[in-house]
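Let me begin by presenting the structure, written as structure tokens, before commenting on it.
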Amino acid sequence: MGKLDKYARQSRSKEASKVLPIRLPESIYEQFRERCEELGLSMSEAGYLLIREELEENLYKMRIHRI
């Protein structure tokens with residue numbers, strides 16, 4: 001199971017947003033696009049979910065480290 005499987009079509013809160021343009025090699029872009037399509041996610045949704053998970057994991061590690 002990939003990191004995105006558990007997020008397939010979850011709703012997000014309505015908060016102001018910013019655009020994050022990124023560059024990817026074409027092969028990575030196509031693989032990611034196909035994976036998102038399999039899960040019914042837009043690439044934007046998947047990117048958001050991956051970034052959110054990274055930030056949540058980092059926050060958890062920081063809290064554990066302080067204890």
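The values are calculated or read from the model by the stated rules, or taken from the named source; none is laboratory data. Keep in mind that what you see is a predicted model, and the values were worked out from it rather than measured. Glycine gets a Cβ as well: all are built from the backbone with ideal geometry, and neighbour counts include every protein chain shown. The protein model used for the area step is the full one, side chains on, heavy atoms only, and it has no ligands, DNA or RNA in it. Shrake-Rupley method; radii C 1.70, N 1.55, O 1.52, S 1.80 Å.
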Exercise for review: Pull up segment 41-50, narrow it to residues that are under 14 Å from Lys6 (Cα atoms) and among the aliphatic types (A, V, I, L, M), then point me to the one that is most open to solvent (accessible area, probe 1.4 Å).
Suggested key: Leu50
**Study point:** Pairs with Cβ under 8 Å, 6+ apart, first in segment 46-67 and part of a helix (DSSP H, G or I), second at pLDDT below 70 and open to solvent by 70 Å² or more (accessible area, probe 1.4 Å)
**Key:** Tyr48/Arg12; Leu49/Gln10
Check your understanding: Do any residues in segment 19-40 that are within 23 Å of Lys6 (Cβ to Cβ) have Cβ atoms under 7 Å from those of residues that are basic (Lys, Arg) and surrounded by fewer than 10 Cβ atoms within 10 Å (Cβ to Cβ), where the two are at least six apart or on different chains, and which pairs are they?
Key -> Gly40/Arg9
